[in-house]
Amino acid sequence: MELDIAWVRAQFPAFSQASLDGQAFFENAGGSYTCRQVIDRLHRFYTERKVQPYAPYAVSEIAGAEMDEARRRLAEMLGVATHELSFGPSTTQNTYVLAQAVRRWIKPGQSIVVTNQDHEANSGPWRRLADEGVSVLEWQIDPETGHLPLEALDELLAQDVALVCFPHCSNVVGEINDVAAITAKAKAAGARVCVDGVSYAPHGLVDVGALGCDVYLFSAYKTYGPHQGIMVIREDWGFELPNQGHHFNGDGLYKRFTPAGPDHAQVAASAGMADYFEAMSAHHGGGAGAEAARRSHDLMRAQEVAVLQPLLDYVSAKNSVRLIGPSDADRRAPTVALAVEENAERLAAKLAPYGIMAGGGDFYAQRPLEAMGVDLDKGVLRLSFVHYTQAAEVDALMEALDQVL
């Protein structure tokens, strides 16, 4: 079944705004539009529930119940236990807090593997542990393709590796890494696994339980929700790590890695993400809960692949640009970075009069771009979209690129 794109776009108030009329949004990797279900819940919380939650009076009980609902329903969609999902102000901060716990957990002589394919959020916090004597090993990409070769991990795992950190996909390379295979290899060597899912989750929530990793992180504001970071940490490792929250919260897994109190309204509004995925599933004949997550994931990916391939074919044929990552839409997310001959930010500005909203720069991905020989002073033009993007918008993008390249 094909995704009903008209129904999808009707779920996003942005598409009915006069200020955005005629504009094609190609900067979704920096943050997606927010679905109506999330906006409605956020508005309701601020207007009807804005009290301290979990107190023994009616409106407070409702506020707490809505926060619990968000955690429960999203955890079900991700294939994990409710208490294994926690919220924080951002994925960068969630990763930093996790790294501080690992700093006290890792044994002398053990190593952490990081990649040079990552966004800095899942690289920098781990690399900083080297300042405190932790051995940090770099799993390197192919400098031509940006591919992260699985066989190169074997040599690193021959050492005493405690933790392997890598992205589900890079925010510039776009190639979808085989998380299950990498996790299985790392686990066989006795290592824990932390996956940065920020650049993949906007294209469909995954079954984290089936992937087998210990930690999976992503950002709600890139998955049609509010500005929150979401972290899954499996129970067996979560309680093995030292508590990073208030001492009296140490017995609660979802509180152990949140040093500050949660943003009540944004946590509650995150249930709107589950509302949206379930509504999409129901509209296309599917069920609720985990089934809705799988159905919506498949619908979203099929739409993206169909719309993405013509763009990849177009840029691959251009001598004036270098496509970063694979040219096969089935192997990548629709986050398309192009190394260009002029400053990429200025090139993005040239697209704006044509109604194309895109970005240029390094996107906190300096390490992979440098490894691939991209001039950071020029950066890359990044054209990123999600399932609500129409084929006609990609056509308009290609027409605009013909004018500015």
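Rule-based calculations on the coordinates, nothing more; no lab input. This one's a predicted model, so the numbers in the text were calculated from it and none came from an experiment. With ideal geometry, Cβ positions are generated from the backbone for all residues, glycine too; neighbour counts draw on all protein chains shown.
The table below lists the values:
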item	result
Relative contact order [Cα under 8 Å, 6+ residues apart], the chain, whole percent	24 percent
For G272, net neighbour charge (Lys/Arg +1, Asp/Glu -1) across residues whose Cβ lies under 12 Å away	-1
Given 15 as the ceiling on other Cβ atoms within 10 Å, longest exposed-site-free region of the chain for chymotrypsin sites (Phe, Trp or Tyr not before Pro) in DSSP loops	58-238
Neighbour net charge for D362 - beta-carbon separation under 12 angstrom, K R +1, D E -1	-2
Separation between Cα centres of the range 47-71 and the range 278-348, rounded to whole Å	38 Å
Proximal charge balance of R49 [Cβ under 14 Å; K/R count +1, D/E count -1]	-4
Partners for K350 among aspartates and glutamates (Cα-Cα distance below 12 Å; same-chain residues under 8 apart left out)	E342, D402
For the range 42-274, diffusion coefficient by Stokes-Einstein and Kirkwood Rh (Cα), 4 °C, 1.567 mPa s, µm²/s	71 µm²/s
For q = 0.13 Å⁻¹, Debye-computed log10 I/I(0) when each Cα of the chain counts as one equal scatterer	-1.13
Residue of P13, P149, P56 that the Gaussian network model of the chain assigns the largest fluctuation, springs spanning Cα pairs under 10 Å	P56
Filtered GluC sites (Glu not before Pro), the range 312-405: DSSP coil and at most 13 other beta carbons within 10 Å	E341
A55-I5 pseudo-label distance in nm [points 7 Å out on the Cα-to-Cβ vector]	5.0 nm
Extension reserve of the A130-K187 stretch, reckoned as 0.36 nm per residue once the Cα distance is removed	18.3 nm
The range 201-294: relative contact order in percent, alpha carbon pairs under 8 Å with at least 6 residues between	24 percent
Filtered trypsin sites (Lys or Arg not before Pro), the range 6-56: DSSP coil and at most 16 other beta carbons within 10 Å	K50
Subset of K185/K318; K107/K222; K107/K185; K185/K378 violating a 30 Å alpha-carbon distance limit	K185/K318; K107/K222; K185/K378
